[in-house]
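To start, the structure itself, in C-alpha cells.
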Amino acid sequence: FFNLVLLPAVQGDIRSNKKLNFHLYLSLKKCLYKPAAFFKGVLLPLGESRCTLREALIVSSVLAKVSVPVLHSAVAILKLTEMPFCGANALFLRTLLLKKYALPYRVLDELVSYFAAFAEQQDEELTLLWHQCLLSFAQHYKTEITHEQKQQLKALMRVHAHGMVTPEIRRELFSARNRGDP
C-alpha cells in the first residue's frame with residue numbers, strides 16, 4: 001500500500017501543489033508506526049528514484065517528528081549508504097543522524113567508508129547538504145570512530161572542503177577522544 005498507493009499520491013500532490021496536503025502528511029506520520037514498511041515502501045524507493053529535494057524535505061520532516069526504533073533506522077542508514085549520492089539521500093541521512101541514536105559499530109564503520117569513498121571523486125563538487133551530513137555525523141559520533149577512521153576523514157576533507165563547514169567538522173572530529181582510547 002505504501003509503495004503503490006501512498007507514495008505516488010504524495011509525489012503527485014507535491015508536484016501539482018508545490019506542497020503536501022495536510023491529510024497526506026498525517027498519513028505519512030501514521031505510516032511511521034510501522035517503520036520497516038515505511039522504509040521499504042516510502043523512504044528507500046524515494047532514495048532510489050532520485051526524488052526532488054522538496055519531496056525529500058517533506059518526508060524528512062515527517063521522519064524527524066516521529067520516533068523510530070534504532071534498529072530500523074540503522075538498517076535504513078546502511079541501505080542509504082549503498083545508494084549513489086544525491087541530495088535527497090544526503091537529506092535522509094542527515095535527518096536520521098540528527099536523531100542521535102546509539103548506532104552499532106558496523107553502521108558507523110559503514111558511514112565512515114561511505115564518506116571516505118568520496119575522496120576518490122576529486123573532480124566532483126559536493127553539495128552543502130553532503131557537508132552538513134558529514135558535520136552531523138562528526139558532531140554526534142566523533143567519540144565512536146577510531147583514529148584510523150579519523151585519518152581517512154581528514155584526507156577526505158583535504159580533497160573536498162567547504163569554506164564554512166569544513167573547519168567546524170575538523171574541530172568536532174579532532175577535539176574528541178577516539179573509540180577504544182582509555
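The values are calculated or read from the model by the stated rules, or taken from the named source; none is laboratory data. Just so it is clear, the model here is predicted, and its values are computed rather than measured. Note that we place each Cβ from the backbone using ideal geometry, even for glycine, and neighbour counts take in every protein chain shown. Keep in mind that these areas ignore ligands, DNA and RNA; they rest on the heavy atoms of the full protein, side chains included. Shrake-Rupley method; radii C 1.70, N 1.55, O 1.52, S 1.80 Å.
Summary table
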item: Residue match in segment 55-68 (condition: under 24 Å from S113 (Cα atoms) and not in a helix (DSSP H, G or I)); result: no
item: Filter pass, K79 being modelled with pLDDT under 95, over 17 Å from L129 (Cα atoms) and of a type outside the set (D, E); result: no
item: Selection from segment 66-98 of residues that are of a type in the set (G, A, S) and open to solvent by less than 10 Å² (accessible area, probe 1.4 Å); result: S73, A74, A76, A88, A90
item: Segment 114-156 - residue that is among the small types (G, A, S) and closer than 16 Å to A90 by Cβ and, of those, most open to solvent (accessible area, probe 1.4 Å); result: A117
item: Answer from V5, V42, V10 - the residue that is open to solvent by 30 Å² or more (accessible area, probe 1.4 Å) and either at pLDDT 95 or above or assigned to a helix (DSSP H, G or I) (or both); result: V5
item: Evaluation of L103 against (1) part of a loop (DSSP other than H, G, I, E, B); (2) surrounded by 18 or more Cβ atoms within 10 Å (Cβ to Cβ); (3) without any contact (Cβ under 8 Å) to a residue 24 or more places away in the chain (one fails), failing number; result: (3)
item: Segments classed as helices (runs of 4 or more DSSP H), wholly inside segment 110-182, with at least 2 members that are in contact with a His (Cβ under 6 Å, 6 or more places away or on another chain); result: none
item: Residue satisfying condition, being open to solvent by 80 Å² or more (accessible area, probe 1.4 Å) and in a loop (DSSP other than H, G, I, E, B), within set K30, K19; result: K19
